[in-house]
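Enquirer: Next up is a structure, given as structure tokens.
The values are calculated or read from the model by the stated rules, or taken from the named source; none is laboratory data. Treat the numbers as computed from the prediction; the structure is a model and nothing was measured. Here the Cβ is made from the backbone with ideal geometry for all residues, glycine too, and neighbour counts use every protein chain on show. Note: areas computed on protein heavy atoms with side chains; ligands, DNA, RNA excluded. Shrake-Rupley method; radii C 1.70, N 1.55, O 1.52, S 1.80 Å.
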Amino acid sequence: MGKVGVKLAVGCAVAACVVASVMVGRRVRRKRAWRRVVKVLEELEEGCATPVARLRQVVDAMAVEMHAGLVSEGGSKLKMLLTFVHNLPSGSEEGTYYSLDLGGTNFRILRVQLGGQRSAIIGHDVDRQPIPQHLMTGTSEELFDFIASSLKDFVEREENVSEHSQSERRELGFTFSFPVKQTSSSSGILIKWTKGFVIEDMVGSDVSECLQQAISRKGLDMRVNALINDTVGTLALGHYHDEDTVAAVIIGTGTNACYLERADAIIKCQGLLTTPGDMVVNMEWGNFWSSHLPRTSYDIDLDADSPNPNDQGFEKMISGMYLGDIVRRVILRMSEELDVFGPVSSKLQVPFILRTPLMAAMHEDDTPDLREVAQILRETLEFPDIPQNVRKLVVRVCDVVTRRAARLAAAGIVGILKKIGRDGSGGIASGKNEGASQSKMRRTVVAVEGGLYTNYTLFREYLNEAMTQILGEEIAPSVIVKVMEDGSGIGAALLAAAAASHSTSSVDTVQIL
Ligand code: ADP
Ligand code: MG
């Protein structure tokens, strides 16, 4: 080999070495980046861990906070609001009633016909419409004029098809699912907005009055005779069907719960309530907080970026409005570590771009190559074709976030049961003898409504599994979680019917100490 040949060979060898070392270097960097991404996942798993022992701490904290909220106004982050609903529907209600359900993504108008016998809801018609975004942050008059005009159209349409006697007065139950300080069972003052609504002029105003005035402006003959929130409506429908129903939970855009409490346990208005017996208490549990809740940096950032920081902490870990955004934040963090996501997509920086139904679709993708995950990431976040190991990672993230949400919701439910002695641990029966306690444990039904619970199978399964784990195999069969489809709306019509039939009985109002 001549000199030139040797030089060429050496040159080629050097080049090959450089290429090889660049490739090895790249592979090493990739590996390191991948390890960092896996670490992000592991830290998330650790931060979101909900072993049963921790869930039991959440159960106890919920029961303690409920008690504190009942003792004094402002005694807990749980507002434990009075509803003045003493009588849940019995099944004997009769006639045609309307209801309006406003509380999140959509609003619904319903017309419910009651046949007078339990379970005999003859029929209900629903009109469902999204709330235009600009009305969520405009004025109360704009919002209620829009709603009243939809209501009028609906009434005219419905009553064209079926007869309506002009002499009959139309009664409306209004489900308004934001924190309200009730002044009677048909009136109340808005405390604050949640779930993306910000209509400042309405805070402190009477909610029924705003609606009633808008209805009158449209010339519609209709009276608002029940003001409730979605949890109370769901409890009402649950009780209509099954009188063992003692609590109701909403898990949709937001989350909240209510339950039937002994009036004498509502210490903050002891002696002032004129009606003895039970009263439905609206917990506003979305605002529950406890140091036992597993909180991550993603939750802290989400809270800080929200229009209501330090508020609705439980809701921000559980409900449909937020789950997708927690996942987005984790993927964003991962994409900063690993270029396989491509250049950090600007779409990924957009808050709430990854909606919870899309997250659920990725989580529940059962195609062998996770095709749907890739498609959603491509279409929503403009990621190029994502390799399969990264798709799997994204599914894991969805799983961790949803599992935590569902298990915390389960702990919240058991917390309510504990407060009213229906968790088998005490109150009704001694927790020391589990076998005996089960025989004494009364059948207990919890009504649930909300798009997250009803549409997201894995969420539902995780919730049910955690209920059994917390309650134990002995007690769990006595506790039944029942879906009340459209409960928030139908329940308002049922309570409007109950109010119409009790309209002569005394109405209590109290001054809270
Ligand atoms: P709202 O709470 O506004 O009254 P819904 O009870 O219908 O309405 O709940 C709607 C919410 O449920 C949506 O905002 C979304 O977060 C969640 N959701 C709806 N469909 C699904 C789905 N397929 N998977 C997961 N979550 C869903
Ligand atoms: Mg709802």
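Enquirer: Whole number in Å², please: accessible area per residue of the chain, 1.4 Å probe, ligands, DNA and RNA not counted.
Expert: Values: 22050 Å² over 513 residues.
Using a 1.4 Å probe on heavy atoms only, each residue of the chain averages 43 Å².
Enquirer: Please compare each pair in Lys79/Lys418; Lys79/Lys419; Lys77/Lys482; Lys418/Lys482; Lys77/Lys192; Lys195/Lys418 to a cut-off of 23 Å on the Cα-Cα distance and tell me which ones are over it. Walk me through the numbers before you get to the answer.
Expert: Working: Lys79/Lys418 18 Å; Lys79/Lys419 15 Å; Lys77/Lys482 27 Å; Lys418/Lys482 19 Å; Lys77/Lys192 14 Å; Lys195/Lys418 28 Å.
Too far apart for the 23 Å limit: Lys77/Lys482; Lys195/Lys418.
Enquirer: A further question follows. In debye, nearest 20, what is the charge dipole magnitude of region 237-314 about its Cα centre with +1 on Lys and Arg Cβ and -1 on Asp and Glu Cβ, if you could check?
Expert: Numbers: 3 positive and 12 negative charges, 41 e Å.
The calculated dipole for region 237-314 is roughly 200 debye.
Enquirer: Can you return the aspartates and glutamates within cross-link range of Lys392? Criterion is Cα-Cα under 15 Å, with same-chain partners fewer than 8 residues away left out.
Expert: Within reach: Glu42, Glu45, Glu364, Asp365, Asp366, Asp369, Glu372.
Enquirer: Where nothing but the Cβ of Lys and Arg (+1) and of Asp and Glu (-1) is charged, how large is the charge dipole of the chain around its Cα centre, in debye to the nearest 20? List each step's numbers first, then the result.
Expert: Working: 55 positive and 64 negative charges, 570 e Å.
Here the chain has a charge dipole of around 2740 debye.
Enquirer: Write down, largest first, the equivalent ellipsoid semi-axes of region 188-254 in whole Å, where each equals the square root of 5 times an eigenvalue of the alpha-carbon gyration tensor. Working shown, then result.
Expert: On the way: eigenvalues 139, 68, 18 Å².
Taking √(5λ) for each Cα gyration eigenvalue gives 26, 18, 9 Å.
Enquirer: Also, I was wondering about something else. Identify, among Ala304, Val281, Gly104, the residue whose Cα sits farthest towards the positive end of the charge dipole of the chain, taking +1 on the Cβ of Lys and Arg and -1 on the Cβ of Asp and Glu, with the dipole about the Cα centre.
Expert: Ala304
Enquirer: Given the options Ile215, Tyr322, Leu348, identify the residue whose Cα lies farthest towards the positive end of the charge dipole of the chain (+1 on Cβ of Lys, Arg; -1 on Cβ of Asp, Glu).
Expert: Of the listed residues, the answer is Leu348.
Enquirer: Still on this structure, I have one more. Among Ile189, Pro179, Val38, flag the residue with its Cα farthest along the positive direction of the charge dipole of the chain, charges on Cβ as +1 for Lys/Arg and -1 for Asp/Glu.
Expert: Val38
Enquirer: Mean residue ellipticity at 222 nm from the helices of the chain, using -39,500 (n - 2.57) per DSSP H segment of n ≥ 4 over the full residue count, to the nearest 500 deg cm²/dmol?
Expert: Details: 15 runs with 236 residues, N = 513.
About -15000 deg cm²/dmol.
Enquirer: Here's a follow-up. Of all accessible surface on region 87-228 at a 1.4 Å probe, what whole percent is carbon and sulfur?
Expert: Working: 2630 of 6080 Å².
Here it works out to 43 percent.
Enquirer: Test of understanding: what is the full-extension gain from Arg295 to Glu156, defined as 0.36 nm times their sequence separation minus their Cα-Cα distance?
Expert: That pair, Arg295 and Glu156, stretches by 45.1 nm at full extension.
Enquirer: On the accessible surface of region 361-429, probed at 1.4 Å, how many percent belong to carbon and sulfur atoms? Intermediate results must be reported in sequence, preceding the final value.
Expert: Working: 1080 of 2430 Å².
Carbon plus sulfur share of accessible area: 44 percent.
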